[in-house]
Amino acid sequence: MIPASSVLLLTTLTGFGFGLLVWVGFLAALALVPPSLFFVPMAVVVALGFSAAGLMASTLHLGHPERAWRAFSQWRSSWLSREGVAAMATYPPAVLFAASWWWFGPDMIVTRILGLAAAVMGLVTVGCTAMIYASLKPIRQWHNRHTAPDYLIYAVFSGAVLMVALWAAWFGLPWELAVGALICALAAAGAKLAYWRFIDRQKPLVTLASATGLAALGNVRPLDRPHFTENYILREMGFQTARKHAAKLRHIALVLAFFCPALLIVVAALGTVPVIATILAALLALAGLLVERWLFFAEATHVSTIYYGR
């Protein structure tokens, strides 16, 4: 599939935003956030800012962005519509959570409930985004048991590195939070490696023989190409990347997105320039996850391309 920049930004930035909201909401619900008047409202603003930027970027892929509102009407059958509805439903409890923290303080039960609600809605939204791709049966690299859980894991990891950076700048970095972020980084790296191992070993869902119903006749090959020039299917669904380039980009994604942030979090936890180290960890994670998202789309193969010899 073609790795459209708008969709790359959507899936990456919303992961950071809603992931951060998950961390802030759950930690506040468990009374683990220090009673600072400004920290939670600031963190919620950052989380919603990342999320809004990703959602706005997604409209750039539309031929008629002014009609984007129509997507909300198909929530009964469309995961894309459910994603939009869930995203919009996340904002009210998140804003009320920040306001309640500001006005009533962290110890009020309403503040903790709103924090928990915002965190749960953040996870629901990421889950809807994941199901947009996991539900597409014609693309074997997406329609499998890894896609939906991986999206949630990457969002939690994204939120963790962003949370660590904000926390270190505000309070200093406690080892408990650093260990939590480190575990998330290693879990995300393990999930990505397992996904790549799975799609590399997975057999094609269909062949030209099975698609045409001629498998009983033996080997099936086309007599001629359906088109002699580039068309919509080849542009949108037949994107190809060389195997050697994909392997190189996989290494870059692993190092930038997971291993470098993990190392920098360890450095910060040991007290070495924690603010600079955690901010750099978040930036590298963002760059690495953009590469990972690019590969997620570039390596996907739609079954329609078998008719074109791909």
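What to note about this one:
- Test for Gly17: is it buried (at least 20 other Cβ atoms within 10 Å of the Cβ) and not aliphatic (A, V, I, L, M): yes
- Test: Ser81 is at pLDDT below 95, in contact with a helix residue (DSSP H, G or I) (Cβ under 9 Å, 6 or more places away or on another chain), surrounded by fewer than 20 Cβ atoms within 10 Å (Cβ to Cβ) and within 24 Å of Gly180 (Cα to Cα): no
- Hits in segment 270-279 - residues which are surrounded by 18 or more Cβ atoms within 10 Å (Cβ to Cβ) and at pLDDT 95 or above: Ala277, Thr278, Ile279
- Residue that is farthest from Ile132 (Cα to Cα) [pool: residues in segment 66-114 that are β-branched (Val, Ile, Thr) and free of Cβ contacts under 8 Å to residues at least 12 places away in the same chain]: Ile109
- Among the residues of segment 134-178, those identified as under 15 Å from Pro261 (Cβ atoms) and among the small types (Gly, Ala, Ser) are Ala155, Ser158, Gly159, Ala160, Ala165, Ala168, Ala178.
- Candidates Gly15, Gly49, Gly19: the one that is closer than 24 Å to Leu177 by Cα and over 15 Å from the mean Cα position of the chain (by Cα) is Gly49.
Here's the yes/no breakdown for (1) outside the structural domain of Pro261 (by TED's automatic domain parsing); (2) closer than 22 Å to Val126 by Cα; (3) in contact with a helix residue (DSSP H, G or I) (Cβ under 8 Å, 6 or more places away or on another chain); (4) not hydroxyl-bearing (Ser, Thr, Tyr):
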| residue | (1), (2), (3), (4) |
| --- | --- |
| Ala165 | yes, yes, yes, yes |
| Leu182 | no, yes, yes, yes |
| Ala185 | no, yes, yes, yes |
| Gln202 | no, no, no, yes |
| Ala209 | no, no, yes, yes |
| Thr212 | no, no, no, no |
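- Residue match in segment 149-171 (condition: in contact with a Pro (Cβ under 7 Å, 6 or more places away or on another chain) and surrounded by fewer than 14 Cβ atoms within 10 Å (Cβ to Cβ)): yes
- Identification of helices (runs of 4 or more DSSP H) wholly contained in segment 240-301 with 3 or more residues that are of a type in the set (S, T, N, Q) yields no element.
- Put simply, of Leu234, Leu205 the only residue that is modelled with pLDDT under 90, outside any helix (DSSP H, G or I) and either surrounded by 14 or more Cβ atoms within 10 Å (Cβ to Cβ) or over 19 Å from the mean Cα position of the chain (by Cα) (or both) is Leu205.
The values are calculated or read from the model by the stated rules, or taken from the named source; none is laboratory data. The structure displayed is predicted, hence computed values, not measured ones. Ideal geometry is used to build each Cβ from the backbone, glycine not excepted, and the neighbour counts take in all protein chains shown.
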